[in-house]
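Student: Below is the structure I would like to discuss, written out as structure tokens.
The values are calculated or read from the model by the stated rules, or taken from the named source; none is laboratory data. None of these values were measured; they are calculated from a predicted model. For neighbour counting, all protein chains shown are included, and Cβ atoms are generated from backbone atoms with ideal geometry for every residue, glycine included.
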2 protein chains.
Amino acid sequence: MKIKVVVTLKNGVLDPQGKAIQQTLNGMGYSNIEGVRQGKYFDLEIAERDEAKAKAAAEEMCKKLLANLVIEDFKIL
Amino acid sequence: MKIKVVVTLKNGVLDPQGKAIQQTLNGMGYSNIEGVRQGKYFDLEIAERDEAKAKAAAEEMCKKLLANLVIEDFKIL
């Protein structure tokens, strides 16, 4: 089954890439954009029919590889 | 209000980064991972109280800047 994961920077961690996107959007005329934070998204195709087990495996993979828990949070969707 | 956007590669577009993650996970012992596709995630803070208007603005921004529609799809969450 397919598990979707989002990895985002923790609050307080600087995000220069998001800032650059925000400034570009502002420059394009979207003056109502007050902030942009960029993160990563993963589609994991796991050979496992049990949703709870698949999600538990995805969580383990996030902790070990996909997210840097010092500066990032992750969420299994 | 906050609008979340996910940008993913279209089916059929090669994703070497996802492939590398998959091979790493397989090498770490997660042999049940059959595929990984990586995408981008954006948190947009829009000064707009009307959810429909905010989502419409986000869609426009995706088309103009955030996604390359030749090879990517986007989804407003």
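Student: Determine whether B:Asp50 is closer than 29 Å to A:Ile33 by Cβ and free of Cβ contacts under 8 Å to residues at least 40 places away in the same chain.
Tutor: yes
Student: Further, regarding this structure: Can you tell me how many residues within the stretch B:1-45 are of a type in the set (A, V, I, L, M) and over 17 Å from A:Tyr41 (Cα atoms)?
Tutor: 2
Student: Within the stretch B:31-44, does at least one residue satisfy the condition of being within 25 Å of A:Leu65 (Cα to Cα) and not in a strand (DSSP E or B)?
Tutor: Among the residues of the stretch B:31-44, at least one is within 25 Å of A:Leu65 (Cα to Cα) and not in a strand (DSSP E or B), which makes the answer yes.
Student: How many residues does the stretch A:39-48 hold that are surrounded by 20 or more Cβ atoms within 10 Å (Cβ to Cβ) and within 16 Å of the chain's Cα centre (by Cα)?
Tutor: 4
Student: Considering only the stretch B:36-77, how many residues are at pLDDT 95 or above and under 25 Å from A:Lys55 (Cβ atoms)?
Tutor: 12
Student: Moving to a separate point now. Taking A:Lys64 as meeting all but one of (1) within 10 Å of another protein chain (Cβ to nearest Cβ); (2) closer than 18 Å to B:Ile3 by Cβ, write down the number of the exception.
Tutor: In the conditions (1) within 10 Å of another protein chain (Cβ to nearest Cβ); (2) closer than 18 Å to B:Ile3 by Cβ, A:Lys64 misses (2) alone.
Student: With (1) closer than 18 Å to A:Met28 by Cβ; (2) more than 13 Å from the chain's Cα centre (by Cα); (3) of a type outside the set (Phe, Trp, Tyr) as the list, and B:Ala67 as the residue in question, which single condition is left unmet?
Tutor: The one condition B:Ala67 does not meet is (2).
Student: Where residues in the stretch B:1-35 are touching a helix residue (DSSP H, G or I) at 6+ places or on another chain (Cβ under 7 Å), more than 8 Å from every other protein chain (Cβ to nearest Cβ) and modelled with pLDDT of 95 or more, which of them is surrounded by the fewest Cβ atoms within 10 Å (Cβ to Cβ)?
Tutor: Once the filter is applied, the top-ranked residue is B:Ile3.
Student: Any idea which of (1) free of Cβ contacts under 8 Å to residues at least 12 places away in the same chain; (2) facing another protein chain (nearest Cβ under 7 Å); (3) small (Gly, Ala, Ser) is the one B:Gly39 doesn't satisfy?
Tutor: (1)
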